[in-house]
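Okay, structure first, notes after.
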Amino acid sequence: MAEPHGTVARVIGLHPSDLGASAAVFLAQIVALLLAGRLLGELLARWGQPPVMGQLLAGILLGPSVLGHISPAAELALFPHAPQQQAMLSSVAQLGVLLLLLLTGMETDLSAMRRSGCAAVNVSLTGIAVPFALGVAAIELLPAPMLIRPHERLLLALFIGTALSVSSVKIVATVVRELGFVRRTVGQIILAASIMDDAIGWIVVSVLLGLAQAGSIDVGGVLRSVLGTLAFLAFSITVGRRLVFHVIRWTNDHFVSELPVITAILVIMGALALATEAIGVRTVLGAFVAGILIGESPILTRHIEEQLRGLIVALFMPVFFGLAGLGTDVASLARPDMLWLTVGLIAVASVGKFSGATLGGRLAGLTGAESLAVGCGMNARGSTEVIIASIGLSMGLIDESFFTAIVVMALVTTLVMPPMLRWALQRLPMRPEEAARLEREALEARGFLSRVERLLLAADASPSGQLASRLAGLVAGLRRIPATALHFERAAAESAAAEHTTAVIREAAESGGAENGGSERLDLTLRVEEPRLGDDAVRAEDRKGYGLLLIGREAASGGAEFHRAIAQSAAGFSGPFAVVLARREHRSGRLRTPLKILVPVSGTAVSRRGAELAVALAQGSRGSVTALHIAGRGAARRPLHKRFGALFGRRDELDEESASNPITDEIVQLARAYSVDVRSAVRSHRDAETAVLREIGAGRHDMLVMGVSPRPGDPLNFGDLASALLARAECSLVFLAAEPAS
C-alpha cells in the first residue's frame with residue numbers, strides 16, 4: 001500500500017513524507033466532498049429528499065465503507081490517517097457546524113418558541129427519559145463477552161443510554177429548515193426540543209465524565225455547568241439581546257471598511273460559543289443562541305442571508321455532513337453479533353425516541369397528528385452521538401466495532417428521519433391560527449415594510465412634524481424596529497419641542513407595539529439639527545442603512561408645490577421616503593384618535609406599497625382602511641338603472657364592496673390578515689382627482705395614504721393627481737415615494 005500512496009503523492013506534487021499535513025491533500029478532500037455531496041444532494045433533491053442526505057451519503061461512499069473497500073490505497077491517499085491531516089478537515093467541519101447553527105438560529109422565530117415552550121419541554125424530557133431507560137436496560141442484558149470492561153457495565157449503560165436519547169440539533173435543524181417547516185408551529189417545537197436535548201445531553205455527559213475519571217460524580221462541576229447554562233441563557237435573552245443589537249448598530253454606523261457587520265456577527269458567534277464551552281455545554285449551544293440574538297436584532301439581519309448563507313450551504317455544510325459519513329466502516333458489522341447489536345441499537349433508539357417524544361407531545365396538549373410529527377422529527381442523531389461514542393472509545397468502555405455500531409445507528413436514524421417527517425407533516429392539518437400566521441408572514445415576505453430594518457424621521461415642531469412623529473412611532477412600535485429622529489430646530493438639543501417629539505414617538509410606539517403583542521421599549525435616537533442642514537443631515541444618516549424616511553416639515557409652499565424644506569430632506573435620501581402633511585384636526589394636535597385611512601389602489605407595485613403602509617398605520621392606531629379603485633368611466637357598460645340614477649345626482653358612480661375585484665381584494669386580504677377593519681370601493685369616473693376627493697368627503701376620512709413615483713427634476717413632484725390632492729384635499733396626506741427621484 002505504500003507504493004500507491006507514494007504514487008498519489010507524486011501526482012499532486014508532494015513527497016510522501018509530507019502527506020501527513022499537506023495543504024494539497026486537504027484541498028483534494030474539500031473538492032471531493034463538495035463534488036460528491038453536490039451530485040448526490042442534487043439526485044436526492046430530485047427524488048424529493050433533503051440534499052443534506054446526499055452529503056451524508058457522499059461521506060459514506062468516499063470513506064472506508066465503499067471507496068476503502070474498493071481501493072484501500074485511494075481511500076488512504078485521499079483521507080490519510082495522519083492526525084494533522086485529519087485535524088485540518090475536522091476544523092473546517094466544526095466551523096461549519098457553528099455557522100450552520102448561527103444561520104438556523106437567525107431563522108428561528110423566538111416568539112413561536114415562547115409559545116411552544118411548554119410543549120418543547122415535555123417533548124424533550126419524555127423524549128430523553130424513555131430511550132435512556134431502554135438503552136440502560138438493553139446494555140444490562142448484553143452478554144458479558146461483548147463488553148470490554150464487564151465490571152463497569154453500569155457506566156457503559158449510562159453512556160449508551162445518553163447516546164440513544166439525545167437528538168442532534170444540527171441534523172434536526174437542517175432537515176426542518178430544508179423541508180420548509182421552520183416557521184410552522186410543529187417545526188418550532190421540534191427545534192426547541194432538540195436544543196433542550198443537546199443541552200441536557202452535554203450536562204449528562206459531564207456527569208458521566210466525572211464518574212468515569214474520578215470514580216465518583218463531581219457534584220461541584222456538574223452544579224457549575226447547570227447553573228452556568230441557566231445563567232448564560234438568562235443573560236442572553238435579557239442583557240445579551242440588547243448588547244448584540246447595539247454592537248451590530250455601532251459597527252454598521254461607525255466602520256467604513258468592507259462588510260464590518262459580518263465580522264461583528266462572527267465575533268459575537270465565537271464569543272458566545274466560547275462562553276458555553278467554558279461552562280461545559282459545548283460550543284454549538286452558544287452558536288445557536290448567537291443566531292437567535294442576531295435574528296432578534298431589528299437591523300441588518302439581511303447580511304447573513306445574503307452574504308453568509310451561500311458560503312455556509314455551499315462549503316461548510318457538505319464538509320461537515322460528509323465527514324460524518326467518513327467516520328463509519330460498515331464492513332466491521334459483518335460479525336453476526338455486532339450486526340444484531342447494531343440492529344438492536346437502532347430499534348431501541350428509534351422506538352424509544354419516537355414513543356417518548358410522541359408521549360411528550362400528547363402530554364403537552366398536541367393533537368395526535370402533531371405528536372406523530374414531533375416523534376418523527378426528533379428521531380435523528382448525528383455528531384452528538386458520534387462524540388459521545390468517541391468519549392466511550394477513548395475511555396476504553398467500547399471497542400471499534402461497538403463504536404461503528406453507534407455511528408451506524410446515528411446515520412440510519414438521520415437518514416430515515418426526513419421521509420418519516422415528510423410523511424407525518426403531509427398528514428398534519430394546519431390549525432386556523434397557524435394558517436393565519438403563515439398567511440400573514442407570506443404577505444409580509446412579499447411586502448415592503450418587512451424589509452425596513454431601520455426607520456429615519458426628519459421632522460420639525462410644526463403640526464406636520466408632530467403627525468410624522470406619531471406615524472413613525474406607530475410603524476417602529478408595530479414592526480419592532482429602531483428609529484432615529486432628526487429634529488430640525490434652531491434651539492438647543494434639550495428644547496421643549498425636541499422633547500415633545502420624542503414623547504410623541506414613544507407614545508405612538510407603545511400603542512403600535514401593544515397592537516402587535518409586544519411591550520418592548522422603542523430604541524430611539526434623537527438628534528437636533530439646524531434647518532438649513534436638512535439634506536446634509538439626512539445624507540449623513542442615509543449611508544447607515546435605513547429602509548424608510550418619514551418627512552414631516554413645513555406643510556406646503558402654497559398650491560400644488562411642496563415646501564423647499566421637504567424637497568431638501570428628500571434629496572438627501574437614496575431609498576423610499578414618505579412626505580407627511582397634517583391637515584384639519586391633525587393641525588390642532590389631535591393625534592391619539594384611530595385613523596380612518598383612504599388609500600387609492602391601481603394594482604401597481606407603487607400603489608401596493610402605499611396600501612401596505614396604510615394597513616400598518618391603521619393597525620397601529622386601531623383604525624380602519626378603505627381601498628379605493630378608480631375604474632374609469634365605462635358608462636356604456638354599466639347597468640341602465642345606474643346610468644339613469646346619475647342623471648338625478650345619485651352617488652351611483654360608487655360601487656360599494658365589489659364582489660370580485662383583484663386590485664382591491666389583495667389589499668382586503670392583507671388588512672384582514674392583521675385584523676384591520678377594511679372596506680373596498682370602486683368608483684367609475686373619468687377624473688381620478690374628483691373621484692378621490694368625493695370619496696374623502698363621503699367617507700369622512702382623516703388621512704389619505706398614496707403610493708407615488710417621484711418625477712425627475714426640481715421641484716419635488718409626484719404627478720398630476722398628487723399635485724391636485726396637495727392643493728385641494730382637506731384630510732391629512734401621506735405620499736409614499738417607493739422609488740427615489742433620479
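Just so you know, all these numbers are worked out from the coordinates, no wet-lab data involved. Not measured: the values here are computed from a predicted model. When we count neighbours, we look across all protein chains shown, and the Cβ atoms used for this are built from the backbone with ideal geometry, even at glycine.
The stretch between residue 70 and residue 253, if pulled fully straight at 0.36 nm per residue, gains 60.2 nm over its current Cα-Cα span.
Beyond 20 Å, what share of the Cα-Cα pairs of segment 397-468 remains, rounded to the nearest whole percent? Value for segment 397-468 (Cα pairs over 20 Å): 69 percent.
With the simple model of a label 7 Å out from the Cα in the direction of the Cβ, residue 602 to residue 677 spans 3.0 nm. Near residue 738, the amide H atoms lying under 5 Å from its own belong to 708; only residues 5 or more places off or on other chains count, and H is placed 1.01 Å from N. Using R0 = 25 Å, the C-beta based FRET efficiency linking residue 231 and residue 129 works out to 0.50. Karplus-derived 3J(HN,Hα) values for segment 689-703, using 6.51 cos²θ - 1.76 cosθ + 1.60 with θ = phi - 60°, are 4, 5, 4, 5, 5, 5, 5, 4, x, 5, x, 6, 6, 9, 7 Hz; glycine and proline are entered as x.
Our coupling estimate for segment 237-243, obtained by passing each phi through the Karplus curve with A = 6.51, B = -1.76, C = 1.60 and θ = phi - 60°, is 7, 10, 5, x, 5, 5, 5 Hz, Gly and Pro reported as x.
Sorted ascending by nearby beta carbons within 10 Å, beginning with the fewest, 400, 277 become 400, 277. With both labels modelled 7 Å from their Cα along Cα-to-Cβ, the residue 239 to residue 223 distance reads 2.3 nm.
Put a dot 7 Å past the Cα of residue 340, heading toward its Cβ, do the same for residue 137, and the two dots end up 1.9 nm apart. A straight chain from residue 441 to residue 331 at 0.36 nm per residue would run longer than the Cα-Cα distance by 34.7 nm. Close amide H contacts of residue 678 (hydrogens built in the peptide plane, cut-off under 5 Å, sequence separation of 5 or more or a different chain): 625. Neighbour counts of C-beta atoms inside 10 Å place 40, 326 in the sequence 40, 326, starting with the fewest.
If r is the Cβ-Cβ distance from residue 311 to residue 499 and R0 is 51 Å, what FRET efficiency results, to the nearest 0.05? Step by step, r from the Cβ atoms, then E = 0.65. Taking amide H atoms as placed 1.01 Å from N in the peptide plane, the amide H of residue 596 lies under 5 Å from those of 624, 702, 703, each 5 or more residues away in sequence or on another chain. Ordering 246, 254, 629 by the number of other Cβ atoms within 10 Å of each residue's own Cβ, fewest first, gives 254, 246, 629. Note that segment 260-265 has calculated 3J(HN,Hα) couplings of x, 5, 4, 4, 4, 5 Hz, one per residue in order, obtained from phi through the Karplus relation 6.51 cos²θ - 1.76 cosθ + 1.60 (θ = phi - 60°); glycine and proline are x. In this calculation the C-beta distance from residue 525 to residue 146 is compared with R0 = 45 Å, giving a FRET efficiency of 0.10.
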